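FYI, it's all coordinate maths here, none of it is from the lab. Note that the coordinates shown come from a computational prediction; the quantities given were computed from them, not determined experimentally. Quick reminder, even Gly has a Cβ in these numbers, built from the backbone with ideal geometry, and neighbours come from all protein chains shown.
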Amino acid sequence: MLYSGISIALVAIAILTVFICLRLLFRKSWFLVWLKGTMTFVALLFAVFLCFLALDMYRYKAYQQETTIATLSMQKLGEQLYRVKVAAPPDGEYSFDVSGDLWQLDARLVSWSGPFSALGMQPGYRLERISGRYYSLEQENDGARTVFAIAPSDFGFDFWAWLNSHEGVPWVDAKYGSATYLPMRDGAIFTVSIGNDGLIARPVNTPAVEAVEMWQ
């Protein structure tokens, strides 16, 4: 709800900016017409940027430490091929056919400090991708690799990527969170939560526990 509210607020600011721009643009005064036109154009570009930013931030969810962000269930389809279902409320469920022996889930994490933290801004996350990996180094180098994007940024502006390329932005930090590679097995169920150092994957049923114990 926090990041949805931020997105709605950004869209509201954009609409207000456009309204003010139009009022200024159509006022009947020839004096400073060029200056008003330039300022209006810049303000309209700013409003468009806010809309793209709102669309991108809408996909982020607030979290607290140890928040479970996804549950993965696995069904074996063939040799080294599994259908992995990722349940990620409130977004719904995703399904991927992952090749390999191991799986890994990645997410984008955003944290706030300073005045943003004082205003109640909670850290946010967005699921990024799921990938497969082989036990064998030879297969890992030569075999078919599967990497699936879960929530790509396709609205023209990538807030997280922009933060990553501008490390000096104050009071906000963007980092990558990855769960440790864990084995896939028919019928296995895992949960993924967010810890201090990134994502934590845990087996929650017998097939998953047995797969982890055999792998370790």
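Before moving on, here are some points about what is shown:
- Span-like helix ranges in the chain, DSSP H, alpha carbon extent 27 angstrom or more, Kyte mean at least 0.5: 2-25, 33-57
- Debye log10 I(q)/I(0) for the chain, one point scatterer per Cα, at q = 0.09, 0.10 Å⁻¹: -0.48, -0.57
- Cα-based Lys proximity count in the chain, under 30 Å, for pairs eight or more positions apart or on separate chains: 5
- When the chain is treated as a Gaussian network with alpha carbon springs shorter than 10 Å, the biggest mean-square fluctuation among 73, 165, 131 belongs to 165.
- Considering only Cα atoms, the convex hull volume of region 130-178 works out to 127 Å³ per residue.
- Relative contact order for region 95-192, counting Cα pairs under 8 Å that sit 6 or more residues apart, in percent: 39 percent
- For the options 123, 115, 152, a Gaussian network treatment of the chain with springs between C-alpha atoms closer than 10 Å singles out 115 as fluctuating the most.
- Counting 0.36 nm for each residue step from residue 45 to residue 19 and taking away their Cα separation leaves a gain of 8.0 nm.
- Spin-label model, residue 213/residue 196: points 7 Å from Cα along the beta carbon direction are separated by 2.9 nm.
- Over the chain, Cα pairs under 8 Å with separation of 6+ residues give a relative contact order of 21 percent.
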